[in-house]
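Here, each number is a calculation from the coordinates, and none is a lab measurement. Note that this is a predicted model, so its numbers are computed, not measured. When we count neighbours, we look across all protein chains shown, and the Cβ atoms used for this are built from the backbone with ideal geometry, even at glycine.
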Amino acid sequence: MKRVWVNDFGPPEALRIVDAPEPRPGPGNVVIAIETVGLGYADVAARRGESYLASSPGFVPGYEIAGTVIKVGDDVDDAWRDRRVFAVLRKGGGCAERLELPAEELIALPDGISCEDAVAAGLNALVAQGAIARLPITGGTRVLVRGAGGGIGLMCVQYAALCGGTVVASASSKDRGDRLLTLGAASIWNRLDGDLDAPTGFDVIVDTIVGPDLPGFFDRLGTNGHYLFCGGVGGLPPADYGMKLIEHFHGSPTLHAFSLNSATPEHVAAEAAILFDHIAAGRISPVIDSVLPMADIVAAHRKLDKGQAFGKVILRPDGTP
Ligand SMILES: NC(=O)c1ccc[n+]([C@@H]2O[C@H](COP(=O)([O-])OP(=O)(O)OC[C@H]3O[C@@H](n4cnc5c(N)ncnc54)[C@H](OP(=O)(O)O)[C@@H]3O)[C@@H](O)[C@H]2O)c1
């Protein structure tokens, strides 16, 4: 079977498609024929060597998949055979035609949720769902989503709007802004327009960026506001950012963080069930940028590297055993 291999950290061209032995399920495991792989910032960071997900080269990227169980190992309930499933892969391995996985990591896909929709919402929606659930957003709460044009950000916009929040979405182009308006944003702040008209006084700020501009965003939080970190596309904040936070002491800010890595597999499965209900009811929309065959893995990563995607870039291994 074929799979993508990162032999050396580097640019998209460092990715190779290689042959690999056919997986056979060990005890407690299954083999999945992968139909769709959701690609995102996690793949880019791992390929560049900038992620704790892959500390050394020599790995298969791909951190969320959907497909069908085709083989079950000893001690695995035979009912999993032929089931359509979704899985979050903390160790990667998803960019492959087939994958061996512990049965305890499987999340059954309900009828009506396609493999494309599962990974299009997938990780990004689960992060947003967990993040927004930590925040006191009700009717009229003023919410800023920083990085709203990104995969997690556009899901945070949808969840915050679902809770009744009045959402300002930061994005870098009119086209992205227009699309975020259709996903529930009340208004758009083009982050490249400079700071002069930057909105302020938010009850809640959800931040997927951090980076050197972080202290300026503490200034935009209103009294008794809540600030949540769930990503770091912009890199580390300045070393003295804590001083800025202390200056806001009298505004009684509350800081939150949310990472899916703190959730157990059981919790992820329970959250996924809620997500699939939201999708089936039309409350949350999976957003797909493009669907590409696995042979186009380099083009897919180039697109992600340039920040050109709006929504999920989906890879289809489509290998028949
Ligand atoms: N919490 C978790 O469990 C979890 C799980 C997976 C990933 N993550 C992390 O979450 C972060 C976001 O992931 P993602 O997949 O949403 O990323 P993404 O799709 O690449 O989106 C990031 C967006 O941020 C904006 N942006 C890029 N560089 C920026 C900069 N320097 N300053 C301000 N805005 C910038 C861009 O939109 P515009 O140009 O339109 O503004 C871009 O589309 C990453 O750090 C990722 O590692 C967290």
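Before moving on, here are some points about what is shown:
- By the count of other C-beta atoms within 10 Å, a proxy for reagent exposure, Leu183, Leu275 are ordered fewest to most as Leu183, Leu275.
- For the chain, a Gaussian network of Cα nodes joined below 10 Å ranks Asp207, Asp77, Asp305 by mean-square fluctuation, and the top entry is Asp77.
- Extent of the chain along its three principal axes (Cα atoms, max minus min coordinate, largest first): 60, 39, 34 Å.
- Taking other C-beta atoms within 10 angstrom as a stand-in for reagent exposure, Arg47, Arg98 fall in the order Arg98, Arg47, fewest first.
- Spherically averaged projected area in nm², based on the convex hull that wraps the Cα atoms of the range 37-151: 9.7 nm²
- Shown for Cys163, Cys156, Cys115: other C-beta atoms within 10 Å of each C-beta, ranked fewest to most, produce the order Cys163, Cys115, Cys156.
- For the chain, built as a Gaussian network whose Cα springs stay under 10 Å, the top-fluctuating residue of Gly231, Gly184, Gly251: Gly251
- Surrounding net charge for Glu105, when Lys and Arg each add one and Asp and Glu each subtract one, Cβ distance under 13 Å: -2
- Percentage, to the nearest whole number, of Cα pairs in the range 185-321 over 27 Å apart: 42 percent
- Selected from Val157, Val210, Val88 as most flexible by GNM, with the chain as the system and alpha-carbon contacts under 10 Å: Val210
- Here is how the number arises for the chain: DSSP H runs of 4 or more residues each give -39500 (n - 2.57), the sum is divided by the residue count, and the result at 222 nm is -8000 deg cm²/dmol.
- Reachable lysines from Lys312, criterion Cα separation under 26 angstrom, eight or more residues apart if same chain: Lys2, Lys91, Lys174, Lys303
- D_trans [Stokes-Einstein, Kirkwood Rh over alpha-carbon pairs] for the range 135-257, 25 °C, 0.890 mPa s, µm² s⁻¹: 172 µm²/s
- Bridge type composition, the chain - antiparallel percent by DSSP, nearest 5: 55 percent
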